[in-house]
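Enquirer: Here it is, the structure in full.
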Amino acid sequence: MVRVMAPKPPPGTAPLLDRIRSTVLESGTGLDEAGVLEVLTSPDETLPDLLGLAHEVRMRWCGPEVEVEGIVSVKTGGCPEDCHFCSQSGRFDSPVRAMWLDIAALVEAAKQTAETGATEFCIVAAVRGPDERLMAQVRDGVTAIKEAVDINVAASLGMLTQAQVDELVEIGIHRYNHNLETARSFFPSVVSTHSWQERWDTLRMVRDAGMEVCCGGILGLGESLEQRAEFAVQLAALGPDEVPLNFLNPRPGTPLHDRVVLDPRDALRAIAAFRFALPRTILRFAGGREITLGDLGTRDGLLGGVNAIIVGNYLTTLGRPASDDLALLADLAMPVKALSATL
Ligand code: SF4
């Protein structure tokens, strides 16, 4: 009997899953922009296979551990910037009011976070960039936390000067969060008070100073699928240690208050696509996962490329109880990353 071999497809035209297998899975190299767009536009029937492959990529290049983080807002609301998705902007008529947290409350929040088994505690402030008062608050807060709790301390304080970057390194901030938020080409549609480049400049200084870089964004702001793919590869070009993925949870009073929440299938396709673009990066479920995906979606995401979560509440919206997420991780046999593994 003569065996007829299927003709080998010319390079670049092999089925998408095969190409991802041979590049991303085998070599740990991120998918290019055209490939990411293909994932984002793939039909619903392929979604289970895409998520399964994204999970394989995560297991191969990141392992089974899940990094758990708590966040606390040291200064909430009243931000002078106009990011259209953000209820902490002082420019919109949103119900979030300006508020400061004192040192004792910061330490208490860090303790509670550590009790969940989390290894990361991120101090966040709604500001364009820190002033002297905020830097002093963070300096004193980090000192007090390090005396009382065994946990990594990260910070998210907006755009920085070189002197501020150096000071954060000195006080022991090990990771800095600053999100690019969305694709460079779409950014001016949702922020007018500063540029994507200004955010990029802070991230470059942070990386050059030796802090770990945490940089992600929000999906569902009205960006096109092409722009979502553009964003994924722009993040990959930065080479961040962690990418938090948020899904827009439209907040009352903000210019995006009436945007329709992302379709859960699009959200899951995006999770797989970002995992393929960033095979070795910590990919964290951040805000909006509950409203976009529901409880089942959290499971799908963790089995589709995500390997980090934020437990408890977000900055201005409520999350699931931490115990629900920890029970889910136990159910999925995914160990919480130990502190010693992150130092
Ligand atoms: S996203 Fe950050 S910079 Fe923009 S308005 Fe909100 S707190 Fe301010």
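Enquirer: Does the stretch 54-70 contain any residue that is within 16 Å of the ligand (Cβ to nearest atom), modelled with pLDDT under 90 and within 25 Å of residue 152 (Cβ to Cβ)?
Expert: Scanning the stretch 54-70 turns up no residue that is within 16 Å of the ligand (Cβ to nearest atom), modelled with pLDDT under 90 and within 25 Å of residue 152 (Cβ to Cβ).
Enquirer: So residue 200 passes all but one of these: (1) touching a Phe, Trp or Tyr at 6+ places or on another chain (Cβ under 8 Å); (2) within 15 Å of the ligand (Cβ to nearest atom). Which condition number does it fail?
Expert: That leaves (1) as the condition not met.
Enquirer: Now a separate question. Could you pull out every one of the helices (runs of 4 or more DSSP H) wholly within the stretch 225-343 that has 1 or more residues that are touching a Phe, Trp or Tyr at 6+ places or on another chain (Cβ under 9 Å), at pLDDT 95 or above and closer than 28 Å to residue 88 by Cα?
Expert: Hits in the stretch 225-343: 225-238, 264-277.
Enquirer: Moving on. Has the stretch 108-125 got any residue that is among the aromatic types (Phe, Trp, Tyr) and away from the ligand (no atom under 16 Å from the Cβ)?
Expert: Taking every residue of the stretch 108-125 in turn, at least one turns out to be among the aromatic types (Phe, Trp, Tyr) and away from the ligand (no atom under 16 Å from the Cβ).
Enquirer: OK, next. Kindly provide the set of residues from the stretch 159-177 that are open to solvent by 10 Å² or more (accessible area, probe 1.4 Å) and under 18 Å from residue 197 (Cα atoms), ordered by number.
Expert: 159, 160, 161, 162, 177
Enquirer: Could you tell me which residue of the stretch 131-157 is farthest from residue 69 (Cα to Cα), considering only residues that are within 15 Å of the ligand (Cβ to nearest atom) and open to solvent by less than 10 Å² (accessible area, probe 1.4 Å)?
Expert: It comes out as 134.
Enquirer: So, in the stretch 35-50, how many residues would count as being in contact (Cβ under 8 Å) with a residue 60 or more places away in the chain and either within 16 Å of the ligand (Cβ to nearest atom) or open to solvent by 20 Å² or more (accessible area, probe 1.4 Å) (or both)?
Expert: Residues flagged as in contact (Cβ under 8 Å) with a residue 60 or more places away in the chain and either within 16 Å of the ligand (Cβ to nearest atom) or open to solvent by 20 Å² or more (accessible area, probe 1.4 Å) (or both) within the stretch 35-50 amount to 3.
Enquirer: Of the residues 213, 233, 243, which single one is more than 14 Å from the chain's Cα centre (by Cα) and not acidic (Asp, Glu)?
Expert: Just a single option satisfies the conditions, and that option is 233.
Enquirer: Exactly one of (1) within 16 Å of the ligand (Cβ to nearest atom); (2) in contact with an Asp or Glu (Cβ under 9 Å, 6 or more places away or on another chain); (3) open to solvent by 10 Å² or more (accessible area, probe 1.4 Å) is unmet by residue 187. Its number?
Expert: (3)
Enquirer: Of the residues 120, 108, which is under 26 Å from residue 309 (Cα atoms) and without any contact (Cβ under 8 Å) to a residue 24 or more places away in the chain?
Expert: When all the criteria are applied, what remains is 108.
Enquirer: Return the total of residues in the stretch 273-309 being free of Cβ contacts under 8 Å to residues at least 40 places away in the same chain and either β-branched (Val, Ile, Thr) or touching an Asp or Glu at 6+ places or on another chain (Cβ under 9 Å) (or both).
Expert: 4
Enquirer: Okay, next question. Hey, residue 74 hits all of (1) in a strand (DSSP E or B); (2) without any contact (Cβ under 8 Å) to a residue 60 or more places away in the chain; (3) hydrophobic (A, V, I, L, M, F, W, C) but one; which does it fall short on?
Expert: Condition not satisfied by residue 74: (2).
Enquirer: What tally of residues in the stretch 255-266 results from selecting those that are touching an Asp or Glu at 6+ places or on another chain (Cβ under 9 Å) and under 20 Å from residue 289 (Cα atoms)?
Expert: 2
Enquirer: Tell me the residue from 102, 82 that is among the acidic types (Asp, Glu) and within 13 Å of the ligand (Cβ to nearest atom), please.
Expert: 82
Enquirer: Restricting the search to the stretch 109-130, which residues are of a type outside the set (Ser, Thr, Tyr), open to solvent by less than 50 Å² (accessible area, probe 1.4 Å) and within 28 Å of residue 81 (Cβ to Cβ)?
Expert: 109, 110, 120, 121, 122, 123, 124, 125, 126, 127, 129, 130
The values are calculated or read from the model by the stated rules, or taken from the named source; none is laboratory data. Quick caveat, the model's predicted, so the values are computed rather than measured. All Cβ positions, even for glycine, are placed from backbone atoms using ideal geometry, and neighbour counts span all protein chains on display. Each accessible area value is taken on the protein alone, full model and side chains, heavy atoms only, with ligands, DNA and RNA left out. Shrake-Rupley method; radii C 1.70, N 1.55, O 1.52, S 1.80 Å.
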